[in-house]
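The values are calculated or read from the model by the stated rules, or taken from the named source; none is laboratory data. Predicted model, so just to flag it, every value in this text is computed and none were measured. Here the Cβ positions follow ideal geometry from the backbone for every residue, glycine too, while neighbour counts run over all protein chains shown. These area figures cover heavy atoms from the full protein model, side chains too; ligands, DNA and RNA do not enter into them. Shrake-Rupley method; radii C 1.70, N 1.55, O 1.52, S 1.80 Å.
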Amino acid sequence: MKFSVILAALLFVLSAETSAQKKSEVEWLTFEQLYDSLQQKPKKVFIDFYADWCAPCKRMDEEVFSSEAVQKRLRKDYYAVKFDVESEDTVRFGGQVFINERLNRRNPVHKIALLMARRKNRPFSLPAMVFLDENFKATARYFQYLNKDQFLEILEN
(Lines give C-alpha, C1' and ligand atoms only; values in the text may rest on other atoms or scores of the structure.)
Protein backbone atom coordinates (compact mmCIF):
# COMPACT_ATOMS: atom_id res chain seq x y z
CA MET A 1 0.00 0.00 0.00
CA LYS A 2 2.75 2.49 0.98
CA PHE A 3 4.72 1.58 -2.14
CA SER A 4 1.77 2.36 -4.44
CA VAL A 5 1.25 5.75 -2.73
CA ILE A 6 4.94 6.62 -3.08
CA LEU A 7 4.91 5.45 -6.71
CA ALA A 8 1.81 7.53 -7.46
CA ALA A 9 3.39 10.59 -5.84
CA LEU A 10 6.60 10.09 -7.81
CA LEU A 11 4.70 9.75 -11.08
CA PHE A 12 2.74 12.92 -10.29
CA VAL A 13 5.93 14.90 -9.65
CA LEU A 14 7.57 13.56 -12.83
CA SER A 15 4.52 14.38 -14.98
CA ALA A 16 4.33 17.89 -13.49
CA GLU A 17 8.01 18.47 -14.33
CA THR A 18 7.50 17.14 -17.85
CA SER A 19 4.52 19.39 -18.52
CA ALA A 20 6.40 22.38 -17.08
CA GLN A 21 9.32 21.63 -19.41
CA LYS A 22 7.00 21.39 -22.40
CA LYS A 23 5.45 24.76 -21.61
CA SER A 24 8.87 26.38 -21.51
CA GLU A 25 9.84 25.45 -25.05
CA VAL A 26 9.34 27.33 -28.28
CA GLU A 27 6.24 25.94 -29.95
CA TRP A 28 7.73 25.26 -33.37
CA LEU A 29 5.21 24.74 -36.17
CA THR A 30 5.54 23.26 -39.64
CA PHE A 31 4.60 25.43 -42.62
CA GLU A 32 1.38 23.42 -42.97
CA GLN A 33 0.48 24.06 -39.31
CA LEU A 34 1.40 27.71 -39.78
CA TYR A 35 -0.99 28.07 -42.71
CA ASP A 36 -3.86 26.56 -40.70
CA SER A 37 -3.04 28.75 -37.69
CA LEU A 38 -2.91 31.92 -39.79
CA GLN A 39 -6.32 31.08 -41.26
CA GLN A 40 -7.81 30.77 -37.76
CA LYS A 41 -6.00 33.68 -36.09
CA PRO A 42 -3.60 36.05 -37.85
CA LYS A 43 -0.45 36.68 -35.85
CA LYS A 44 3.15 37.75 -36.49
CA VAL A 45 5.47 35.00 -37.75
CA PHE A 46 9.08 34.14 -37.02
CA ILE A 47 10.86 31.62 -39.28
CA ASP A 48 14.21 30.12 -38.32
CA PHE A 49 15.97 28.50 -41.27
CA TYR A 50 18.79 26.21 -40.14
CA ALA A 51 20.94 23.20 -41.08
CA ASP A 52 22.40 20.51 -38.84
CA TRP A 53 25.95 21.59 -39.71
CA CYS A 54 25.37 25.30 -38.95
CA ALA A 55 27.35 26.17 -35.79
CA PRO A 56 25.71 29.60 -35.24
CA CYS A 57 22.28 27.94 -35.62
CA LYS A 58 23.14 25.40 -32.93
CA ARG A 59 24.48 28.17 -30.72
CA MET A 60 21.21 30.08 -31.07
CA ASP A 61 19.28 26.92 -30.12
CA GLU A 62 21.42 26.56 -26.99
CA GLU A 63 21.71 30.19 -25.93
CA VAL A 64 18.72 32.03 -27.39
CA PHE A 65 15.80 29.67 -28.03
CA SER A 66 16.40 27.98 -24.66
CA SER A 67 15.84 31.32 -22.90
CA GLU A 68 12.57 31.46 -21.00
CA ALA A 69 12.12 35.14 -21.89
CA VAL A 70 12.52 34.40 -25.61
CA GLN A 71 10.20 31.40 -25.41
CA LYS A 72 7.54 33.39 -23.58
CA ARG A 73 7.70 36.28 -26.05
CA LEU A 74 7.55 33.99 -29.08
CA ARG A 75 4.58 32.05 -27.67
CA LYS A 76 2.73 35.27 -26.85
CA ASP A 77 3.21 37.29 -30.04
CA TYR A 78 4.37 34.97 -32.83
CA TYR A 79 3.85 31.74 -34.66
CA ALA A 80 7.32 30.21 -34.86
CA VAL A 81 8.54 27.91 -37.63
CA LYS A 82 11.86 26.06 -37.61
CA PHE A 83 12.84 24.66 -41.00
CA ASP A 84 15.86 22.60 -42.07
CA VAL A 85 17.01 24.15 -45.36
CA GLU A 86 18.28 20.77 -46.55
CA SER A 87 14.93 19.09 -45.95
CA GLU A 88 13.67 16.61 -48.51
CA ASP A 89 10.07 17.32 -47.48
CA THR A 90 7.42 18.66 -49.81
CA VAL A 91 5.87 21.75 -48.26
CA ARG A 92 2.29 22.72 -49.05
CA PHE A 93 1.55 26.31 -48.13
CA GLY A 94 -1.09 28.74 -49.38
CA GLY A 95 -2.20 26.49 -52.21
CA GLN A 96 1.37 26.11 -53.48
CA VAL A 97 3.81 23.23 -53.35
CA PHE A 98 7.50 23.75 -52.56
CA ILE A 99 10.16 21.07 -52.97
CA ASN A 100 13.91 20.85 -52.64
CA GLU A 101 14.95 21.03 -56.29
CA ARG A 102 18.64 20.93 -55.32
CA LEU A 103 18.67 17.61 -53.43
CA ASN A 104 21.48 15.99 -55.39
CA ARG A 105 23.61 19.12 -55.69
CA ARG A 106 26.07 20.95 -53.54
CA ASN A 107 24.24 23.24 -51.07
CA PRO A 108 20.85 21.53 -51.37
CA VAL A 109 18.78 24.48 -50.12
CA HIS A 110 15.00 23.97 -50.18
CA LYS A 111 12.95 26.20 -52.50
CA ILE A 112 10.91 27.75 -49.66
CA ALA A 113 14.10 28.88 -47.91
CA LEU A 114 15.46 30.33 -51.14
CA LEU A 115 12.25 32.26 -51.74
CA MET A 116 11.90 33.63 -48.22
CA ALA A 117 15.48 34.18 -47.08
CA ARG A 118 17.49 35.03 -50.15
CA ARG A 119 19.52 38.23 -50.35
CA LYS A 120 19.95 40.16 -53.55
CA ASN A 121 23.30 39.49 -55.27
CA ARG A 122 24.53 37.28 -52.40
CA PRO A 123 24.56 33.52 -51.93
CA PHE A 124 22.16 31.92 -49.45
CA SER A 125 23.72 31.74 -45.99
CA LEU A 126 22.86 30.63 -42.49
CA PRO A 127 21.66 31.42 -39.98
CA ALA A 128 18.68 32.94 -41.77
CA MET A 129 15.73 34.33 -39.85
CA VAL A 130 12.64 35.97 -41.27
CA PHE A 131 10.09 38.05 -39.38
CA LEU A 132 6.67 38.63 -40.92
CA ASP A 133 3.71 40.74 -39.87
CA GLU A 134 0.11 39.53 -39.37
CA ASN A 135 -0.46 39.78 -43.14
CA PHE A 136 2.54 37.52 -43.87
CA LYS A 137 4.62 40.39 -45.25
CA ALA A 138 8.34 40.31 -44.41
CA THR A 139 9.32 43.02 -41.95
CA ALA A 140 12.92 41.95 -41.29
CA ARG A 141 15.51 39.37 -42.24
CA TYR A 142 18.67 38.51 -40.31
CA PHE A 143 21.62 36.47 -41.55
CA GLN A 144 23.84 36.32 -38.49
CA TYR A 145 24.04 34.98 -34.99
CA LEU A 146 21.91 37.07 -32.62
CA ASN A 147 22.41 36.79 -28.88
CA LYS A 148 19.48 36.62 -26.48
CA ASP A 149 19.36 40.37 -25.81
CA GLN A 150 19.55 41.26 -29.51
CA PHE A 151 16.83 38.75 -30.31
CA LEU A 152 14.54 40.00 -27.53
CA GLU A 153 14.99 43.58 -28.73
CA ILE A 154 13.86 42.53 -32.22
CA LEU A 155 10.84 40.71 -30.79
CA GLU A 156 9.82 43.80 -28.82
CA ASN A 157 9.84 46.11 -31.86
Length gained if Lys82 through Gln144 is fully extended, taking 0.36 nm per residue and subtracting the Cα-Cα distance, is 20.7 nm
Quick note, segment 107-147: a/c under 1.5 would make it rounded; otherwise a/b > b/c is prolate and the rest oblate (a ≥ b ≥ c, C-alpha gyration tensor); here it is oblate
With every protein chain in place, the accessible area of Lys41 for a 1.4 Å probe, in Å² rounded to the nearest 10, comes to 120
With every protein chain kept in place and a 1.4 Å probe, segment 66-157 has an accessible area per residue in Å² of 61
Which of Lys72/Lys111; Lys44/Lys148; Lys76/Lys137 exceed 27 Å between C-alpha atoms? The answer is Lys72/Lys111
So the FRET efficiency between Asp36 and Ala69, C-beta based with R0 = 30 Å and rounded to 0.05, is 0.60
Note: probe point = Cα of Glu156 + 7 Å toward Cβ; backbone nitrogen < 14 Å; residues of segment 57-95 passing the test are 69-70, 73-74
